[in-house]
1. Which one of 97, 151, 145 is over 22 Å from residue 38 (Cα atoms) and at pLDDT below 90?
2. Exactly one of (1) open to solvent by less than 50 Å² (accessible area, probe 1.4 Å); (2) modelled with pLDDT of 95 or more; (3) within 19 Å of residue 113 (Cβ to Cβ) is unmet by residue 72. Its number?
3. Could you tell me whether the range 124-137 includes any residue that is within 19 Å of residue 13 (Cβ to Cβ), of a type in the set (Ser, Thr, Tyr) and surrounded by fewer than 20 Cβ atoms within 10 Å (Cβ to Cβ)?
4. Would you check if residue 38 is polar (S, T, N, Q), surrounded by fewer than 19 Cβ atoms within 10 Å (Cβ to Cβ) and in contact with a Lys or Arg (Cβ under 8 Å, 6 or more places away or on another chain)?
5. Any residue in the range 138-148 that is under 25 Å from residue 14 (Cα atoms) and not in a loop (DSSP other than H, G, I, E, B)?
6. For residue 73, which of the numbered conditions (1) in a helix (DSSP H, G or I); (2) more than 20 Å from the chain's Cα centre (by Cα) fails to hold?
7. Of the conditions (1) surrounded by fewer than 18 Cβ atoms within 10 Å (Cβ to Cβ); (2) over 14 Å from the mean Cα position of the chain (by Cα), residue 51 satisfies every one except a single condition; which number is it?
8. Does the range 89-104 contain any residue that is assigned to a loop (DSSP other than H, G, I, E, B), touching a residue at least 40 places away in the same chain (Cβ under 8 Å), open to solvent by 30 Å² or more (accessible area, probe 1.4 Å) and more than 23 Å from residue 128 (Cβ to Cβ)?
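The values are calculated or read from the model by the stated rules, or taken from the named source; none is laboratory data. From a predicted model like this one, the values you see are computed outputs, not experimental measurements. Ideal geometry is used to build each Cβ from the backbone, glycine not excepted, and the neighbour counts take in all protein chains shown. These area figures cover heavy atoms from the full protein model, side chains too; ligands, DNA and RNA do not enter into them. Shrake-Rupley method; radii C 1.70, N 1.55, O 1.52, S 1.80 Å.
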Amino acid sequence: MPLNIVVCLKQIPNPDLQFQIAPDGKDIRRDALNYKLNGADEYALEEAVRIKEKHGGRVVALTLGPKRTEQMLREALAKGADEAVRVAFDDPAAFDVGRNARILAAAVRTVPHDLVLTGVQSDDDGNSATGGLLAGLLGLPHASVVTRVTVAGGRLE
């Protein structure tokens, strides 16, 4: 059963680096940071590619972020995604998870999909809310902290 899979990815500041507080005290200084793909999202991407390799279909890597996230999307393509979509969003301190989920949901609606995967949480904010909110906005069933997806008899387990 071929599946069209959308994987939502987030780019985060490399947690191995030392952070400095911005002069206004409301965020970190982002001008000299290195960024990387969020770890849990990387697992979701790997699972999507495994499913595609075994059952066919397509994997679309989707992110909400500034131009610098295009490098992360190129890495997703190198890891097996078939298409990459960046929703331009330049708020460097985008802490409003509800707003982010609404923007992601609008983007997901424009891409053919049978399955949407997200990481369990982001390594920077750690609120673990985006996946559940996204599922609710899309009217899709949701499961959290999934460690494996099995396709069997036209069903996902």
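1. Working: 97 fails: over 22 Å from residue 38 (Cα atoms); 145 fails: over 22 Å from residue 38 (Cα atoms).
Exactly one residue qualifies, and that residue is 151.
2. Here residue 72 meets the rest and fails (3).
3. Yes, the range 124-137 has at least one match.
4. No, not satisfied.
5. The answer is no, given that none of the residues of the range 138-148 is under 25 Å from residue 14 (Cα atoms) and not in a loop (DSSP other than H, G, I, E, B).
6. (2)
7. Going through the list (1) surrounded by fewer than 18 Cβ atoms within 10 Å (Cβ to Cβ); (2) over 14 Å from the mean Cα position of the chain (by Cα), residue 51 breaks only (1).
8. no
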